[in-house]
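J.: Take this structure first; my questions come after.
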Amino acid sequence: MSAESPRQQATDAPGAPRPETARALAAGTRPRRFGAWYVAEHRFRVMRSYLQTMLATGIGSPIIYLYGLGAGLASLIDAPVASQPGAEGVPYLVFVAPALLASAAITVATEEFSYPIMLGYKWNPTFTGMHASPIRPGQIVDGIVISVTVRILATSAVYYLFMLLFGAVPSPLGYLAVLAATLGGLAFGHLLMAYVSTLEQDTGQIALVMRFLVLPMTLFSGTFFPLSQLPWFLQPIGWVSPLWHATELSRVFAYGYPEPLWLTVVHVVVLVAMAAVGWIASRRIAARRLGR
Amino acid sequence: MPAPVITARDLRKQYEDVAAVDGISFEVSPGESFGLLGPNGAGKSTTMRMVGAVSTRTSGDLEILGLDPNAHGPDIRSQLGVVPQADNLDTELRVRENLLVYGRYFGLPRRTIAERADELLAFAQLEEKSKAKVDALSGGMKRRLTIARALINDPRILLLDEPTTGLDPQARHILWDRLFRLKEQGTTLVLTTHYMDEAEQLCDRLIVVDHGRIMAEGTPAELIRAHSSREVLEVRFGADRNAEVAKRLEGVGDRIEVLPDRILVYSANGEAELVRITEAGLHPITSLVRRSSLEDVFLRLTGRSLIE
């Protein structure tokens with residue numbers, strides 16, 4: 001109080017602020033509280049413009065993969081697949097379906113957290129436009145997370161319905177696999193979003209991520225065969241792969257995959273940690289990048 | 001006098017070792033139309049981004065509507081309309097949708113936004129393009145849509161960064177007309193430009209900015225009076241002769257400025273100076289007498305012309 005100059009005290013006389021100041025403070029309240037939802041609304045409207053593509057892939061891919069692997073590959077694999085040596089096996093389709101579910105969730109996350117992020121920062125800088133309104137950079141990130149979470153949940157739910165149709169879910173807790181897959185998608189997606197947010201130019205980095213990260217991750221994350229089938233020195237790839245953790249977690253729910261409880265807890269903790277780190281980093285990068 | 005809506009004191013923005021804005025002070029009164037005039041890279045856009053409560057200042061004081069942007073960014077931005085230098089309309093949405101989505105960012109009810117969107121489409125003369133894709137619009141139409149979008153929250157202050165850069169003359173005049181109407185309605189306008197005619201048309205008062213500093217401040221007429229003569233005689237003797245002839249013109253007019261393509265003679269009476277030059281036996285290829293403009297002010301203050 002003592003630092004205030006006499007002049008300031010005179011102009012900022014006690015009591016009501018200037019009417020335009022009061023108006024600003026009042027008008028800022030709703031955006032401060034609901035800004036992220038407004039961003040999500042915007043994203044949903046954009047998604048509507050490619051709704052047909054979303055429906056086609058959302059319905060087409062479970063049919064193609066489950067039928068292809070269920071009726072095709074599974075017919076060659078007669079023996080039940082056991083996750084660990086000595087464990088009781090399950091039919092191949094039951095084994096592979098939760099992995100396909102998790103993989104589908106990560107595919108949607110990859111789609112939504114890569115080019116659209118670059119688009120918003122650079123190619124069609126809608127994030128700059130949002131930031132010129134009362135929306136804060138962190139709310140832009142939150143809004144995107146909300147909208148993509150809804151899309152991943154919906155895609156995974158559709159996938160799950162087809163899994164039921166193909167008789168690939170013996171456990172009554174199977175529906176929880178949808179949540180496990182979504183969590184996996186967010187774990188990978190948030191990290192990807194943080195990385196893409198740092199790119200000033202896309203000189204092929206995003207394509208590189210797809211080719212040399214997403215594709216190998218699918219091959220080495222216990223998707224089509226148990227991780228234990230890999231030589232020991234390749235197995236760590238699975239341990240750091242969000243797809244592996246999401247797949248294993250989905251298997252626990254979809255058919256009571258026998259693994260120790262502590263390992264199930266590890267899957268959840270790793271996925272939540274990845275999602276949180278990616279989310280927080282994305283918010284910080286957004287604040288730095290948009291506030292330059 | 002009402003309290004200023006914008007007060008900047010010794011405002012600075014440092015990017016690593018470059019001072020983009022290097023100690024700028026100014027005030028803008030409500031309803032005023034205030035311009036920042038200067039060449040590219042002068043620090044105009046950076047100043048606008050700080051005033052827009054988007055970019056954080058390195059030092060100095062800044063108050064918009066009585067609030068500090070460091071603490072009240074969202075509150076301040078709720079009262080601003082921003083027309084950025086590069087259009088950032090959402091090209092994945094249609095024309096009207098861009099307004100609907102943007103209105104939500106201010107927390108406005110959907111019905112209010114829908115009503116305003118229709119009014120603003122009429123104001124921007126884009127009613128027939130309501131369902132068009134943004135990419136199908138011309139440059140001038142995109143600009144008008146961006147201005148319509150900036151008005152969706154009925155802002156106290158409209159910030160326009162190079163509003164007509166890249167537009168053809170006709171599109172510029174349509175835009176000026178729209179901005180003039182806003183000014184008449186009492187909206188405070190803050191705009192940057194490197195076009196003299198734009199500044200003269202739209203600004204009540206302006207600052208001339210170069211290298212992040214203020215070179216001069218005043219109304220367009222005041223600036224011209226203070227830093228230039230009433231008239232300017234432009235004479236051309238051919239690119240290779242201008243410099244040589246200029247030596248023989250010493251004493252002609254109040255002051256002479258030699259540009260690569262022409263010589264400017266500053267004087268209260270341009271015609272009289274032309275007579276003196278021809279009487280001295282010099283015959284320019286072309287000659288032109290005009291009134292002094294802000295371009296001359298800028299040239300005088302910085303020794304450079306605005307558009308190189």
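J.: Name the residue that is farthest from the other protein chains (Cβ to nearest Cβ), counting only residues in the stretch B:1-23 that are surrounded by fewer than 23 Cβ atoms within 10 Å (Cβ to Cβ), over 29 Å from B:Arg181 (Cβ atoms) and in contact with a Leu (Cβ under 8 Å, 6 or more places away or on another chain).
T.: The qualifying residue farthest from the other protein chains (Cβ to nearest Cβ) is B:Gly23.
J.: A further question follows. Consider A:Gly35 carefully, then state whether it is away from chain B (no Cβ under 14 Å), part of a helix (DSSP H, G or I) and at pLDDT 90 or above.
T.: no
J.: I've got another one for you. Please verify whether B:Glu250 is open to solvent by 60 Å² or more (accessible area, probe 1.4 Å) and either in contact (Cβ under 8 Å) with a residue 12 or more places away in the chain or part of a helix (DSSP H, G or I) (or both), treating the condition exactly as stated.
T.: The answer is no for B:Glu250.
J.: Give the residue that is least open to solvent (accessible area, probe 1.4 Å), with candidates limited to residues of the stretch A:78-113 that are modelled with pLDDT of 80 or more and of a type in the set (Asp, Glu).
T.: Per the stated criteria, the residue is A:Glu112.
J.: Within the stretch B:78-92, is even one residue farther than 22 Å from A:Ile117 by Cα, out of contact with any Phe, Trp or Tyr (no Cβ under 7 Å at 6 or more places or on another chain) and not in a strand (DSSP E or B)?
T.: Within the stretch B:78-92, one or more residues are farther than 22 Å from A:Ile117 by Cα, out of contact with any Phe, Trp or Tyr (no Cβ under 7 Å at 6 or more places or on another chain) and not in a strand (DSSP E or B).
J.: Scan the stretch B:39-58 and give yes if some residue there is away from chain A (no Cβ under 11 Å), assigned to a strand (DSSP E or B) and in contact with a strand residue (DSSP E or B) (Cβ under 6 Å, 6 or more places away or on another chain), otherwise no.
T.: No.
J.: Just wondering, is there one or more residues in the stretch A:259-280 that are away from every other protein chain (no Cβ under 14 Å) and at pLDDT below 90?
T.: Yes, the conditions are met somewhere in the stretch A:259-280.
J.: Right, here's the next one. Looking only at the stretch B:210-227, decide whether some residue is hydroxyl-bearing (Ser, Thr, Tyr) and in a helix (DSSP H, G or I).
T.: no
J.: Could I ask something else about it? Inside the stretch A:243-267, can you point out the residues that are in a helix (DSSP H, G or I), touching a helix residue (DSSP H, G or I) at 6+ places or on another chain (Cβ under 7 Å) and surrounded by fewer than 20 Cβ atoms within 10 Å (Cβ to Cβ)?
T.: A:Thr264
J.: From the list A:Arg283, A:Arg211, exactly one residue is of a type in the set (D, E, K, R) and in contact (Cβ under 8 Å) with a residue 40 or more places away in the chain. Which is it?
T.: A:Arg283
J.: Can you spot a residue in the stretch B:78-86 that is under 22 Å from B:Glu200 (Cα atoms), within 10 Å of chain A (Cβ to nearest Cβ), open to solvent by 40 Å² or more (accessible area, probe 1.4 Å) and in contact (Cβ under 8 Å) with a residue 24 or more places away in the chain?
T.: No - not one qualifying residue is present in the stretch B:78-86.
J.: Another question, then. B:Arg156: open to solvent by less than 20 Å² (accessible area, probe 1.4 Å), of a type in the set (Lys, Arg) and closer than 29 Å to B:Thr46 by Cβ, yes or no?
T.: Spelling it out, it is not the case that B:Arg156 is open to solvent by less than 20 Å² (accessible area, probe 1.4 Å), of a type in the set (Lys, Arg) and closer than 29 Å to B:Thr46 by Cβ.
J.: Now for a separate question. Please go through the stretch A:228-242 and pick out each residue that is over 21 Å from A:Ala273 (Cα atoms), free of Cβ contacts under 8 Å to residues at least 60 places away in the same chain and either polar (S, T, N, Q) or crowded, with 21+ Cβ neighbours inside 10 Å (or both).
T.: Correct list: A:Gln229 only.
J.: If you check A:Thr29 against the conditions, is it at the interface with chain B (Cβ under 8 Å from one of its Cβ atoms), closer than 30 Å to B:Glu92 by Cα and surrounded by fewer than 15 Cβ atoms within 10 Å (Cβ to Cβ)?
T.: It is true that A:Thr29 is at the interface with chain B (Cβ under 8 Å from one of its Cβ atoms), closer than 30 Å to B:Glu92 by Cα and surrounded by fewer than 15 Cβ atoms within 10 Å (Cβ to Cβ).
J.: Still on this model: Among the residues of the stretch A:189-227, what is the count of those that are assigned to a helix (DSSP H, G or I) and touching a Gly at 6+ places or on another chain (Cβ under 8 Å)?
T.: Summing the residues that are assigned to a helix (DSSP H, G or I) and touching a Gly at 6+ places or on another chain (Cβ under 8 Å) in the stretch A:189-227 gives 7.
J.: Another question, then. Return a yes/no flag: does the stretch A:166-182 have any residue that is aliphatic (A, V, I, L, M), part of a helix (DSSP H, G or I) and within 14 Å of chain B (Cβ to nearest Cβ).
T.: No, there is no match, as no residue in the stretch A:166-182 is aliphatic (A, V, I, L, M), part of a helix (DSSP H, G or I) and within 14 Å of chain B (Cβ to nearest Cβ).
J.: Next question, about the same structure. Just one of (1) open to solvent by less than 60 Å² (accessible area, probe 1.4 Å); (2) at pLDDT below 95; (3) within 14 Å of chain B (Cβ to nearest Cβ) trips up A:Thr53, so point out which.
T.: (1) is the only condition that A:Thr53 fails.
J.: Looking at (1) modelled with pLDDT under 80; (2) part of a helix (DSSP H, G or I); (3) surrounded by 15 or more Cβ atoms within 10 Å (Cβ to Cβ), which is the one condition that is false for A:Ser75?
T.: (3)
J.: So which residues in the stretch A:37-54 are of a type in the set (A, V, I, L, M) and either touching a His at 6+ places or on another chain (Cβ under 7 Å) or within 20 Å of A:Met130 (Cβ to Cβ) (or both), if there are any at all?
T.: A:Val39, A:Ala40, A:Val46, A:Met47
J.: Also: What pairs come out if I take residues in the stretch B:90-104 that are over 18 Å from A:Ile135 (Cβ atoms) and in contact (Cβ under 8 Å) with a residue 12 or more places away in the chain and pair them with residues that are of a type in the set (Asp, Glu) and part of a helix (DSSP H, G or I) whose C-beta lies under 9 Å away, six or more apart or interchain?
T.: Taking only residues 6 or more apart or on different chains, the pairs are B:Thr91/B:Asp135; B:Arg96/B:Asp118.
J.: Right, another one. Filter the stretch A:186-211 down to the residues that are modelled with pLDDT of 95 or more and crowded, with 16+ Cβ neighbours inside 10 Å and list them by number.
T.: A:Leu186, A:Ala187, A:Phe188, A:Gly189, A:His190, A:Leu191, A:Leu192, A:Met193, A:Ala194, A:Tyr195, A:Val196, A:Ser197
J.: State the number of residues belonging to the stretch B:167-187 that are surrounded by 14 or more Cβ atoms within 10 Å (Cβ to Cβ) and assigned to a loop (DSSP other than H, G, I, E, B).
T.: The total comes to 2.
J.: What single numbered condition from (1) outside any loop (DSSP other than H, G, I, E, B); (2) free of Cβ contacts under 8 Å to residues at least 24 places away in the same chain; (3) at the interface with chain A (Cβ under 10 Å from one of its Cβ atoms) fails to hold for B:Asn70?
T.: Condition not satisfied by B:Asn70: (3).
J.: With the requirement that a residue be part of a loop (DSSP other than H, G, I, E, B), open to solvent by 70 Å² or more (accessible area, probe 1.4 Å) and within 14 Å of another protein chain (Cβ to nearest Cβ), what does the stretch B:93-135 give you?
T.: B:Pro109, B:Lys131
J.: Is it the case, given these coordinates, that A:Gly129 is at negative phi and of a type outside the set (Ser, Thr, Tyr)?
T.: The answer is yes for A:Gly129.
The values are calculated or read from the model by the stated rules, or taken from the named source; none is laboratory data. Bear in mind that the values here come from a model prediction, so they are computed numbers and not experimental data. Quick reminder, even Gly has a Cβ in these numbers, built from the backbone with ideal geometry, and neighbours come from all protein chains shown. Ligands, DNA and RNA are excluded from the accessible area calculation, which covers all protein heavy atoms including side chains. Shrake-Rupley method; radii C 1.70, N 1.55, O 1.52, S 1.80 Å.
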